[in-house]
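The values are calculated or read from the model by the stated rules, or taken from the named source; none is laboratory data. Quick caveat: nothing in here was measured; it's all calculated off a predicted structure. Using ideal geometry, Cβ is built from the backbone for each residue, glycine included, and neighbour counts are taken over all protein chains shown.
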Amino acid sequence: MTTLIEICRIPPQQGAAAEVLLPLSFLDMTWLHSNPMYVLSFYNHSCSEAEFFNTIVPNLKHSLSLTLKHYLPVAGNLLFPLHTDALKPVLRYTPGDTVALTIAVSSLEFDELVANHAKEAGQFYDFVQPPAPLIEEENYKIAPVISLQATLFPGRGICIGMNFHHSLCDWRSIVGFVKAWAVINKSGDDEALGESLPVFQKPDSEGSRRVDGIFWNAMKKIPFKPAASHPLRTNRARASFILRQSDIRKLKNQFLSARPSLDRVSTFTVAAAYVWATLVKSHGNCGEEDEVLYIPADARGRRNALFDPPVTENYFGNCLGGGVVIIEHRKLAGEDGFVAAADAIGNVIKAKIYDGDELLKSPEDRLSMMELPERVFGVLVVYGSPKFEYKEADFGWGMARKVEILSLDDEKYGMLLSNSGDGGLVIDLSLPKEMMECFASIFEDGLIVL
C-alpha cells in the first residue's frame, strides 16, 4: 500500500526570466499526441520517516526550485491552439508556473520491486502521478509538461518518479535535467552545475521551418486529448535480463563467424539482435508478416541538410533521428534469426545513423511511419541509451539501484538498454505474462549454448 502525504507546487527560484515562449519544432511535434513518459528510479537509502520528512523532502524541494531556475520550460506548459489555422503549439513558461511534487510513503517490498525477476507491472504506478487534466484559456488547451513524486520505503529506499510529455524533450534531455537536480540536491548549491547549462532555443533553418509546417498540417488534424489515466496492466509483467560481457563477446564471435567478411560488430547490434530474435521466437507466430525494430539516435552535433551548423550538444528538447529495421517474421523466428537480425540492424545503422546526411533526411517520412502497414506483426521500440544513463543521477544516495520506464507497457514490445556496471548490459522488458515466461526460458537457454 502507498499513502500520498502531500502534493506541493515548486516554482523556479526567484530571479528567473519573466517569460519563455518556445514554438515546437517538427522534432517535438512528432510526440504531440503520444502518451506521457513514466520513469522511476529506485535508490538504496535506509532512512526513517522522520529523516525523510524533516531533511530529505525539504532538500528535494529546495534543489528542485534551484534546478528549475535553469530549466524554465520544465516548469511551464504545453499550449495546443484551439484555432489551428492561426496559431501553432508552443511551450510557455510564465511567472507563477510550478511543478507538482508529490510526497508518499509505501509499505510495498522495496527489494522485490528492484529484483530482476518477473513482477506484476501494475504495482509500479503507485510511484508516479498521472498528468494533470487539461485546462483551456482563450486560444489554447494547456497541459503541464512534467510532474514528480518522491516515495519513501521506510528503512529501505527512496523512489523518484516522473511523468513528462515527450514533446518537451527526448531521453538525453530529461537525463540531463534529472542529473542537474541530483547534483544540486547533493551539493546544496546550483553553482555545482558549473557551465554545463542547457540551451533551449529551437534549431532553425529554412529547411526545418518547411518541415515544421508539414508536421503541423498533419498534427493539427488530430484532436488534442487529455492523457489517459494510469494504464494499469493486469496482464503484463516486467523483468530485467543481463547480457554479461562474456555473453556479448560470444554473440559477437558467433555473428562474425557467420559473416567472415566483417571484422567487427557493435555491442548494441548483437544485443538488440539477440533480444529481438528471442522475442519473436517467444510469441510463436509462424505467419508471413514483417517484424519492425525502431532504433532512435541522437542527432546533436551531426551536420546535415536541415541543421548547419549542427544542433549543440547541450540543446534541451527533442533531437532524434533514427532507423527502422524490417525483417520477415519467419527469418527472425528461424534457427539463424540472431544472425539475420544483426545483419539487418548493422546495415540500417551504417546507412541511416552513422551517415549524418541520412540521419534526418526526408524527416516527413516519419508521418507515414506512424501508420504501419497491415502486414506488420510486431514492433519493438528501443528506449534509453547506455550513453545517457538515468541511473547515474546521484541525489546523495549513490547511483540508482534500478530504473523502470513504465511507458514500456504502452508498446506492444519495448526494451530499455542500460549498462550493468561490469561491462555488460541490462535489458528491461514489459510483456504479457505468458510470453515473459517463454522469453526468459529462450533467452537463458540461448546463452548457455553460445
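Some points to look at:
- Only one of the numbered conditions (1) of a type in the set (A, V, I, L, M); (2) at pLDDT below 95; (3) more than 26 Å from Asn217 (Cβ to Cβ); (4) in contact with a helix residue (DSSP H, G or I) (Cβ under 7 Å, 6 or more places away or on another chain) is violated by Met37, and that is (3).
- Candidate set from the range 250-261 (those that are part of a loop (DSSP other than H, G, I, E, B) and free of Cβ contacts under 8 Å to residues at least 40 places away in the same chain); member that is surrounded by the most Cβ atoms within 10 Å (Cβ to Cβ): Pro260
- Residue match in the range 48-68 (condition: assigned to a strand (DSSP E or B) and farther than 21 Å from Glu19 by Cα): no
Residue-wise test of (1) surrounded by fewer than 20 Cβ atoms within 10 Å (Cβ to Cβ); (2) of a type outside the set (A, V, I, L, M, F, W, C); (3) at negative phi.
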{"residue": "Val20", "(1), (2), (3)": "yes, no, yes"}
{"residue": "Ser25", "(1), (2), (3)": "no, yes, yes"}
{"residue": "Ser34", "(1), (2), (3)": "yes, yes, yes"}
{"residue": "Ser46", "(1), (2), (3)": "yes, yes, yes"}
{"residue": "Phe52", "(1), (2), (3)": "no, no, yes"}
{"residue": "Leu64", "(1), (2), (3)": "no, no, yes"}
{"residue": "Ala75", "(1), (2), (3)": "no, no, yes"}
{"residue": "Leu78", "(1), (2), (3)": "no, no, yes"}
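- Matching entry among Leu372, Leu408, Leu332 (being buried (at least 18 other Cβ atoms within 10 Å of the Cβ), out of contact with any Ser or Thr (no Cβ under 7 Å at 6 or more places or on another chain) and at pLDDT below 95): Leu332
- Any hit, the range 95-107, residues being surrounded by fewer than 20 Cβ atoms within 10 Å (Cβ to Cβ) and of a type in the set (D, E, K, R): no
- Within the range 441-450, the set of residues being modelled with pLDDT of 90 or more and surrounded by fewer than 20 Cβ atoms within 10 Å (Cβ to Cβ) comprises Ser441, Ile442, Glu444, Asp445, Gly446, Leu447, Ile448.
- Taking each residue of the range 69-80 that is within 13 Å of Leu134 (Cα to Cα) and looking for partners that are at pLDDT 95 or above and polar (S, T, N, Q) with beta-carbon atoms closer than 7 Å, six or more apart or interchain, yields Leu78/Ser167.
- Residue in the range 216-231 that is of a type in the set (Gly, Ala, Ser), out of contact with any Asp or Glu (no Cβ under 9 Å at 6 or more places or on another chain) and buried (at least 20 other Cβ atoms within 10 Å of the Cβ) present: no
- In the range 314-324 there is no residue matching the filter, namely being assigned by TED's automatic domain parsing to the domain that holds Ser257, among the β-branched types (Val, Ile, Thr) and in contact with a Gly (Cβ under 9 Å, 6 or more places away or on another chain).
For (1) among the small types (Gly, Ala, Ser); (2) assigned to a loop (DSSP other than H, G, I, E, B), each residue gets a yes or a no:
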position: Ala305; (1), (2): yes, yes
position: Pro309; (1), (2): no, yes
position: Thr312; (1), (2): no, yes
position: Ala341; (1), (2): yes, no
position: Val348; (1), (2): no, no
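- Residue match in the range 113-136 (condition: modelled with pLDDT of 95 or more, in a helix (DSSP H, G or I) and farther than 29 Å from Phe224 by Cβ): yes
- Residues that are farther than 15 Å from Cys8 by Cα and either assigned to a strand (DSSP E or B) or of a type in the set (Ser, Thr, Tyr) (or both) within the range 142-159 comprise Ile142, Ala143, Leu152, Phe153, Gly157, Ile158, Cys159, listed in sequence order.
- Any hit, the range 131-148, residues being farther than 23 Å from Ser63 by Cβ, touching a Leu at 6+ places or on another chain (Cβ under 7 Å) and aromatic (Phe, Trp, Tyr): yes
- Condition met for Leu21 (of a type in the set (A, V, I, L, M) and farther than 25 Å from Ser205 by Cβ): no
- Any hit, the range 268-277, residues being surrounded by fewer than 23 Cβ atoms within 10 Å (Cβ to Cβ) and either charged (D, E, K, R) or in the same structural domain as Phe200 (by TED's automatic domain parsing) (or both): no
- Scanning the range 111-145 for residues that are over 23 Å from the mean Cα position of the chain (by Cα) and more than 28 Å from Tyr413 (Cβ to Cβ), we see that the one that is surrounded by the fewest Cβ atoms within 10 Å (Cβ to Cβ) is Glu138.
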